[in-house]
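Take a look at the structure below.
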Amino acid sequence: MNAQQLGENVKQKFGAKVIDFETLGSDQLYVTISPDSLVEVAEYLYRNEGCRYVINGGTDRRQQRDAFLITHFFAQDEEKIYVAIHTEVEPDNPQVDSITPVVPAANWSERETYDMIGVVPVGHPDPRRLVLADDWPEDLFPLRYDVEHGVKPPPVEGLAPERLEPPEGASVVPIGPYFPVLEEPAYFRVFVEGETVVGADYRGFYCGICGYVHSCSYCQAVERAAGIEVPERAEYIRTIMLELERLESHMLWLGIAGHIIGFDTVLMQTWRMREPLMWLCERISGNRKTYGMNLVGGVRRDIKPEMYDDVRNVIDKIGEEWAELAGAIPGDTTLITRLQGTGILTTETARELGAAGPTARGSGLAIDVRVDHPYAAYDRLEVTKCVHDSCDNLARVLVRIEETLDSIKIIHQALDEMPDGPIMAEIDEELPAGRQAMSAVEAPRGEVFHWVLTGTENRPERWRVRAPTYANLQNVPPMLEGNALADVPISIGSYDPCFSCTERMEVVDVNSGQVRVYTEEEFRAEYDQPRDE
Amino acid sequence: MIASKLKEAILSLRPGRVTLKYPFEPHDPEGDFRGYPELDTDKCIGCGGCAAVCPARLIMIQDIDQNTRRLVRLLERCIFCGRCADVCPEDAITMTKRFELSTDSGREDMVAECEVFMATCQRCTRCYEPPTPLDRIMEPGFRDDEIKRGGQDSPYEPVKSE
């Protein structure tokens, strides 16, 4: 099946409710449907066509179409298709049916869409604010074009996010606002009965460290929309840099995982092995982490043939030591007892809540964008999907260990087969406006997804991004249930979460059970911290 | 269990000491490192190419009068991507290897300003009707979203010349 056939299936099933559909190549489908059929169509794609939910986004198109555009994105991995479901909503009555009751993975992104564009998801089971600050005005939606650029509403003291109440008889253990083991801002409220976790609430956001995957995905989306042919050599260079980033990220992660469970030898050794890789990236790109190599049309820097041996030597050395480490881990009971059987995320939950990357593959879901929706040079390279089905923390560790070794193989193959030629496409004219394209990249943490609607003057009109942690963190509450409290940090850590949201201090009075949230002022007064300005 | 611990011990002991003596000994970056972007004001022709491509939008261009164009760079926003050096037609910008860029003397160290003498077109004196493409890239939301509207705290008040 290709995108055209899937579009015809949808058209046949829903008839006049499908206003229009178009395709981009054989792998991208854009369907415009009437608002009243949104839930049906979403359910049909999700249940009958085997689609996986990706993200939701809202666009202010009142100037062009006198409507808000609400778009739900799905992926059909077996058939290698991405599907966008567009719905136009009247500006006078900005509401649209929520699909969260039939597609649970849409929970966060529908809330975010409301925050940003102000189209109410009617029937959403948990319509709390997600991304805006608590003191942001209720009626100011930042993505609407009539909101002044750079507007800064005055701050309001003493507000707190709405929180889920713990179940009857359970106590709350706050973890955060500075997540103690990942040294990043994140805030979980874990509900416990004795030592056992019975639920959790989390409000946090985004993933940002994987610099190369996002720039790569964005450039690919623009290139696809504008019909720019990227030179083959640039595709290989992108592939090599993506795999170097995966190596670096997985090595960092294994170290952190060791650190979380108190086994710092793993941290020190994996980070020692990783350092020559960082220097290699510095030699190639000019910086150890922010490679800054992608541009629309190709890459800025070449990997010159005289550098090939340098790359091979560094990754071979890592491969040798990594294999030794991987050989030692399964026999080490210190690690195994902490990882095996903890943090269970069942295959069904992972699919329902849209898990991505090693989190999904550790739960037996064989999805990998590199294979399912090949981009850059992956269609010419051998990529293995590393899947484990024990669904626990150990499975997620093993997936990453195997992927690291697989990445080394991919880099070797790419270096051997890399063709000569230019690294940038010639772009002489302004890019066409009003075109759309989707692009995804398999980041170390999972699928990064970008949708771009091109605008005038070489600028995007709308750009929607989904980072993998956004999908994976929604899986945290069901995964924590039933665990001992001591296994919570490694379970959260096993997602390789990447936080960049700050939260506030919550204090639970053990005698009265009262929960209160400190404002910034109270917190500073209490702890006498100077304001650093 | 014992075998695993032994394997781990060997793996840990073999490399010996790997910690570098930095900062007590210098550690120079390798390859084409992207450090502090140095501007050679003698070479700058004031074309504004750098301001147009800068993803961090840190370069502001002002035409003070017919013959003087001022370039202000707010370097605390620099992400060291080196796009300015890529597009500069006169190679006036070089990405140096300097990376120890912390300062304890406030924000004025982070602002660099230079004025370029612009020759006047002999035929028409002003070749482009305003708003020129250059004026366009200084519009809020395009390039210069925050720079000009710094208000009282504007880092552009204390200015140090390069």
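The values are calculated or read from the model by the stated rules, or taken from the named source; none is laboratory data. Please read these numbers as outputs of a predicted model, since none were measured by experiment. Please note: Cβ atoms are built from the backbone with ideal geometry, for glycine as well, and neighbour counts cover all protein chains shown. Just the protein is used for accessible areas: all its heavy atoms, side chains included, with ligands, DNA and RNA removed. Shrake-Rupley method; radii C 1.70, N 1.55, O 1.52, S 1.80 Å.
Grab the strands (runs of 3 or more DSSP E) fully contained in region B:7-111, keeping just those with 3 or more residues being out of contact with any strand residue (DSSP E or B) (no Cβ under 7 Å at 6 or more places or on another chain).
In region B:7-111, no matching strands (runs of 3 or more DSSP E) lie anywhere.
Select, from A:283, A:246, A:274, the only residue that is open to solvent by 10 Å² or more (accessible area, probe 1.4 Å) and under 15 Å from residue A:401 (Cβ atoms). Spell out the reasoning first.
Numbers: A:283 fails: under 15 Å from residue A:401 (Cβ atoms); A:246 fails: open to solvent by 10 Å² or more (accessible area, probe 1.4 Å).
None of the others qualify; the one that does is A:274.
Which of the residues that make up region A:186-238 are at pLDDT below 85, among the hydroxyl-bearing types (Ser, Thr, Tyr), surrounded by 19 or more Cβ atoms within 10 Å (Cβ to Cβ) and not in a strand (DSSP E or B)?
Matches in region A:186-238: A:187 only.
Given (1) facing another protein chain (nearest Cβ under 10 Å); (2) farther than 30 Å from residue B:78 by Cβ; (3) at pLDDT 90 or above, where does residue A:307 come up short, assuming only one miss?
Failed condition: (2).
For region B:92-103, check the following and say yes or no: at least one residue is open to solvent by less than 70 Å² (accessible area, probe 1.4 Å), within 12 Å of another protein chain (Cβ to nearest Cβ) and modelled with pLDDT of 85 or more.
yes
Quick one: residue B:86 ticks every box in (1) free of Cβ contacts under 8 Å to residues at least 24 places away in the same chain; (2) among the charged types (D, E, K, R); (3) over 18 Å from residue B:116 (Cβ atoms) except a single one, so which number is it?
For residue B:86, the failing item is (1).
Is one or more of the residues making up region A:239-251 modelled with pLDDT under 85 and either over 22 Å from the mean Cα position of the chain (by Cα) or within 14 Å of chain B (Cβ to nearest Cβ) (or both)? Spell out the reasoning first.
Applying the first criterion (modelled with pLDDT under 85) to region A:239-251 yields none.
No, region A:239-251 contains no residue that is modelled with pLDDT under 85 and either over 22 Å from the mean Cα position of the chain (by Cα) or within 14 Å of chain B (Cβ to nearest Cβ) (or both).
Among A:283, A:274, A:312, which is in a helix (DSSP H, G or I) and at the interface with another protein chain (Cβ under 10 Å from one of its Cβ atoms)? Reasoning before the result, please.
Numbers: A:274 fails: at the interface with another protein chain (Cβ under 10 Å from one of its Cβ atoms); A:312 fails: at the interface with another protein chain (Cβ under 10 Å from one of its Cβ atoms).
Among A:283, A:274, A:312, only A:283 is in a helix (DSSP H, G or I) and at the interface with another protein chain (Cβ under 10 Å from one of its Cβ atoms).
Considering region A:308-330 alone, what residues qualify as being over 14 Å from residue A:412 (Cβ atoms) and open to solvent by 30 Å² or more (accessible area, probe 1.4 Å)?
Within region A:308-330, A:323, A:324, A:327, A:330 qualify.
Name the residue that is farthest from residue B:8 (Cα to Cα), counting only residues in region A:286-304 that are more than 10 Å from chain B (Cβ to nearest Cβ) and outside any loop (DSSP other than H, G, I, E, B). Reasoning before the result, please.
Applying the first criterion (more than 10 Å from chain B (Cβ to nearest Cβ)) to region A:286-304 yields A:289, A:294, A:296-299, A:302-304.
If we keep only those that are outside any loop (DSSP other than H, G, I, E, B) as well, we get A:294, A:298-299.
On the way: A:294: 39, A:298: 42, A:299: 40 Å.
Out of the qualifying residues, it is A:298.
Please enumerate the residues belonging to region A:455-473 that are open to solvent by less than 20 Å² (accessible area, probe 1.4 Å) and assigned to a loop (DSSP other than H, G, I, E, B). Step through it out loud before you land on a result.
The initial filter retains those residues of region A:455-473 that are open to solvent by less than 20 Å² (accessible area, probe 1.4 Å), namely A:455, A:464, A:466-473.
Passing the criteria: A:455, A:467.
Go through (1) open to solvent by 20 Å² or more (accessible area, probe 1.4 Å); (2) at the interface with chain A (Cβ under 9 Å from one of its Cβ atoms); (3) of a type in the set (A, V, I, L, M) for residue B:11 and report which single condition fails.
Here residue B:11 clears every test but (1).
Checking the structure you have, find out if any residue of region B:65-82 is in contact (Cβ under 8 Å) with a residue 12 or more places away in the chain, over 20 Å from residue B:110 (Cα atoms) and of a type in the set (A, V, I, L, M, F, W, C).
no
Check residue B:44 against each of (1) in contact with a Leu (Cβ under 9 Å, 6 or more places away or on another chain); (2) modelled with pLDDT of 85 or more; (3) within 11 Å of chain A (Cβ to nearest Cβ) and name the one condition it does not meet.
Of (1) in contact with a Leu (Cβ under 9 Å, 6 or more places away or on another chain); (2) modelled with pLDDT of 85 or more; (3) within 11 Å of chain A (Cβ to nearest Cβ), only one is false for residue B:44: (3).
Can you tell me how many residues within region A:371-390 are buried (at least 23 other Cβ atoms within 10 Å of the Cβ) and assigned to a helix (DSSP H, G or I)?
Going through region A:371-390 one residue at a time, the tally reaches 1.
Taking the stated definitions as given, is residue B:16 of a type in the set (Gly, Ala, Ser) and more than 9 Å from chain A (Cβ to nearest Cβ)? Before you say what the answer is, go through the steps one by one.
Numbers: of a type in the set (Gly, Ala, Ser): yes; more than 9 Å from chain A (Cβ to nearest Cβ): yes.
So residue B:16 fits the description; yes.
Need the failing condition index for residue B:35 against (1) away from chain A (no Cβ under 14 Å); (2) touching a Lys or Arg at 6+ places or on another chain (Cβ under 6 Å), just the number.
Tallying (1) away from chain A (no Cβ under 14 Å); (2) touching a Lys or Arg at 6+ places or on another chain (Cβ under 6 Å), residue B:35 fails exactly one: (1).
Consider residue A:78 against the criteria (1) out of contact with any Asp or Glu (no Cβ under 8 Å at 6 or more places or on another chain); (2) touching a residue at least 60 places away in the same chain (Cβ under 8 Å); (3) not small (Gly, Ala, Ser): it satisfies all of them except one. Which criterion is unmet?
Only one criterion in (1) out of contact with any Asp or Glu (no Cβ under 8 Å at 6 or more places or on another chain); (2) touching a residue at least 60 places away in the same chain (Cβ under 8 Å); (3) not small (Gly, Ala, Ser) is unmet by residue A:78, namely (1).
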